[in-house]
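Down below is the structure, laid out as C-alpha cells.
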Amino acid sequence: MAISDDYVGAVGQGTHPHPKHHAAGRARWATRSTFDPALLEALTGHSDAVRAVASAELEGRAVAVTGGDDGTVRVWGLATGTELTTLASHNGSVLAVACAELEGRSSAVTGGDDGTVRVWDLATGAELTTFTGHSGRVRAVACAELDGDPVAVAGGDDGVVRVWGLATGTELTTFTGHSGHVRAVECVELNGDPVAVTGGDDGTVRVWDLATGDELAVLNGHTGGVWAVACVELNGDPVAVTGDVDGTVRVWDLATGTERAVMTGHDDEVEAVACVELDGRPVAVTGGYDRIVRVWDLITGIDLGGLSGPELDAVACTELDGSPVAVTGGGDGVVRVWDLASGTELAAMTGHYEAVLGVACCELEGRPIAVTGSEDQTVRVWDLGTGTEFNTITGHRGSVNAVVCAEIDGRPVAVTGGGDGTTRVWDLTTGAELAALTGHNGGVEAVAFAEFDGAKVVVTGSSGGTVQVWNLVTGVDRTTMTGHNGAVRAVACIELDGRPVVVSGGEDRTVRMWDLATGTELTTMIGHLDGVLAVTCVDLDGWPIAVTGGDDRSVRMWDLTTGTELALLAGYDRWVRAVACVEMDGMTVAVTGSDRTIRIWDLAGRGLHREITVPLSVDGRSPVSS
C-alpha cells in the first residue's frame, strides 16, 4: 500500500473554522458496529513522515513493514510493538511497500523517490535486487503470482506500469495508458487469471491482464485523481475499492466494469484503502487528508465510523501520589490523566459529550481533583485518585472555555470563563455559584488567578480583545487593558522584579506583558507567525519566562525581563492550544498539547524530553451508547 503526500499519520496542515473552538453540535457516535477504536500500539522510530505500510508474516510472527521520508524501510513485530530491523538504502523517500514470499522467504518490495524498486529479505535485512526503469518516482507497488512465479507490479510518475519477475530480476512487461502519474496498484484474480488494477491522476481506474499485458477495462466515474486501490471479493465477485482526491470512495465490479457504490464522508483527498473482514462482513478502511480513518460496510455502503485523533485543547499539571501528572482534555470529550515520567495513561474519564476546552487542578478536602469546562456548557469536577466524576456544575449558557482554581476564605473555588461573556465563580465543595462577573464585550476565552496588595484577583481575556482584572471577593472590575488587535486567547500571571504582571496572547500574533497593578502595557513580544493560543509562566533558574503555543505550530520561550525570545521549540504539524509547566525529575518542563500529541519539553535544555500519543477516538468522540 502506498500512502501519498501528507496522509494520515504523516499529515499536512488541516483547516479549522476557529482556532480555539470546535463546531458545536457534532453528532455523537452511535454504536452500530463492534469494531474497537482503541489504539493498540504506536510504533516510533522513523525520523520523518511515514508514507507506506504493509503487513506480512516473518518466522511465524505478524510484522508490519513501513517506509518513510527518512529513506528507511523498517520492520516491526506487531505483537510486541518493537522494531526488528531497519533497512536503509533508498536515495530519498520510500513511497510504496508490498510483501511477498520469494523462494519460501518473506520479502518486501519497495518503491521510492529515486525511481527504483527494491527487494529485501525481511529475515536478514539484505537487499536482494534493485529494479531500474522508471523515469520518475515509484508511488505504488503490489505483488502477485504469474504462472507460479512471484512478480512485482509498480507504477509511478512516468505514467507507466511495469511488471518485474522477482525470481529472475527481469522486467516482464509494461502497461501504458494512464495520462498522468500512477498513484495506486493492486493485484487480484479475475476469472482465474491474475490482473492488476491501477489508479492515476487522470481519474481512471484501469484493469490489466498480467499474462498478456492487455488492458481489459477502463473504469470512469471519479472526478479527480485516483490515489488508492484495494481489491476484495463480495459474494464471490471480485471488486475494486478506490479513493480519490474529491473525497469519495467507489466500489467497482471488476467482471462487468460497472460501479456498484459511491461512499461519501471524507472531507478531503482519500489516499489509502485497505479491505478486511469484520464480524464476517467485508469492510473497507480508508484514510486521507481530513486526518480521519473511516470504516465502511461494503455490502450496505454504510459508514461504520471514523477513527481520528482528538484535538488537545487543554492541559494542567499536578502531583498524584508524589509523581507529576498531566491532565488533558480535547475534542473527544475525554479527560485523561498521564504519568509524565513514564508517559502512560493512568485514567480516561468520560462524562463530557462535547470538546473539553479548559482544565485546572487543585485539592478538595485533601483529595486531588481536576475541574474541566466544555463545549457542552458544563463544569465537571473529577477525583483524580479514583478517576471518577463527583459533581457536574451548570450555569453557563455557552461553551466553558477556560478554568482556574483559587481559594476564597479558605474555601476552594473554580473560576470559569464562557462563550456567554461571563466569568463565573463556583464553590467546589457545594457546587453553588458564588458570583457571575460581566463586562466583557465578547466571550471569555482565558482566565488566570493572582494575588497582589493582599487582594485575590482574576484576570480574563476575551474575544473582544480586552484583558480585565477583577477582585475575586467583591466582583469589582479593577482594570481593563487594551492593546491587542483581535481576540485574547490566553492569559497567565507571574512576578517580575517583585511586581505582579500579566502575560497575554492573542490572534494578532503578539505576546504582551502588562503591569497588573496599573494596567500599563510593559512590552510587546513578536515572533509567532499566527495567533497565540496558549500561555503559561514559570521561574527558570530564578528568571521569569513565558512559554507560548500558537496557530503557527510552534512553542516559544520568552525572557520576560528583556522581552526577547529565548527559544523556538518546533515539532508540531498543527496548532498548539495547550501549555502548562511542572517540575519533573529535577527539571522544569513544559507540557504542550496539539493534535493527538503531548510533548514534554526540557526548558533548561531547550529540547524535547518525551512524546506521548493520545489514543484514537471514533469520529472525534469517545465511543458512547446510543
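A compact table of results
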| item | result |
| --- | --- |
| Amide H contacts under 5 Å for Gly200, placed H, 5+ residues apart | Arg183, Val226 |
| Heavy-atom accessible area per residue - region 194-303, 1.4 Å, Å² | 35 Å² |
| Cα convex hull of region 108-234, projected area averaged across orientations, nm² | 8.0 nm² |
| Distance between region 173-252 and region 60-103 - C-alpha centres, whole angstrom | 25 Å |
| Rg over Rh, two decimals, region 211-270 (C-alpha only, Kirkwood Rh) | 0.99 |
| Residue order for Ser107, Ser47 - accessible surface, 1.4 angstrom probe, largest first | Ser47, Ser107 |
| Three-way shape call for region 50-192 based on the alpha-carbon gyration tensor, with the a/c threshold at 1.5 | oblate |
| Anisotropy class of region 218-375 from Cα gyration tensor, a/c 1.5 cut | prolate |
| Area of Cys187 that stays accessible when all protein chains are in place (1.4 Å probe, Å², to 10) | 20 Å² |
| Globularity index of region 370-439, i.e. its alpha-carbon radius of gyration over 2.2 N^0.38 Å | 1.03 |
| Per residue, in Å², the accessible surface of region 117-185 once ligands and nucleic acids are set aside, probe 1.4 Å | 36 Å² |
| For region 177-182, Karplus couplings with θ = phi - 60° (6.51, -1.76, 1.60), whole Hz, Gly/Pro x | x, 5, 9, x, 4, 8 |
| Kirkwood Rh in Å, taken over region 303-388 so that all alpha-carbon pairs contribute | 13.0 Å |
| Relative contact order (%) - region 443-540, alpha-carbon pairs under 8 angstrom, separation at least six | 21 percent |
| Whole-Hz ³J(HN,Hα) from phi, Karplus 6.51 cos²θ - 1.76 cosθ + 1.60, for region 427-438, glycine and proline x | 7, 6, 6, 9, x, 6, 7, 8, 6, 10, 9, 10 |
| If the convex hull is drawn through the Cα atoms of region 469-626, its volume per residue in Å³ | 166 Å³ |
| Accessible-area composition of the chain, carbon plus sulfur, in percent [1.4 Å probe] | 44 percent |
| Shape parameters for region 465-543, alpha-carbon atoms, Rg then Dmax in Å | 12.6, 39 |
| In Hz, Karplus ³J(HN,Hα) per residue of region 206-219 (6.51, -1.76, 1.60; θ = phi - 60°; x = Gly, Pro) | 10, 10, 10, 7, 5, 6, 9, x, 6, 7, 8, 7, 10, 9 |
| Antiparallel bridge percentage (DSSP; both residues within the chain; nearest 5) | 100 percent |
| Dimensionless Rg/Rh of region 397-489 - Kirkwood Rh, Rg from C-alpha atoms | 0.95 |
| Per residue accessible area of region 368-443, 1.4 Å probe, in Å² | 34 Å² |
| Sequence-distant residues sharing a close amide H with Val245 (under 5 Å, placed H) | Gly224, Gly225, Trp227, Val270 |
| Stretchable slack from Asp147 to Thr524, in nm (0.36 nm times residue separation minus alpha-carbon distance) | 128.5 nm |
| Cα-based convex hull, region 334-492, per residue volume (Å³, whole number) | 123 Å³ |
| Cα pair distances exceeding 32 angstrom across the chain, given as percent | 53 percent |
| Cysteines having no other Cys beta carbon under 4.7 Å from their own, within the chain | Cys99, Cys143, Cys187, Cys231, Cys275, Cys317, Cys361, Cys493, Cys537, Cys581 |
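The values are calculated or read from the model by the stated rules, or taken from the named source; none is laboratory data. If you're wondering where the values come from, they're calculated on a predicted model, not measured in any experiment. A quick note on method: Cβ atoms are made from the backbone with ideal geometry, for glycine too, and the neighbour counts reach across all protein chains shown. Heads up: the accessible areas ignore ligands, DNA and RNA and are worked out on the full protein's heavy atoms, side chains in. Shrake-Rupley method; radii C 1.70, N 1.55, O 1.52, S 1.80 Å.
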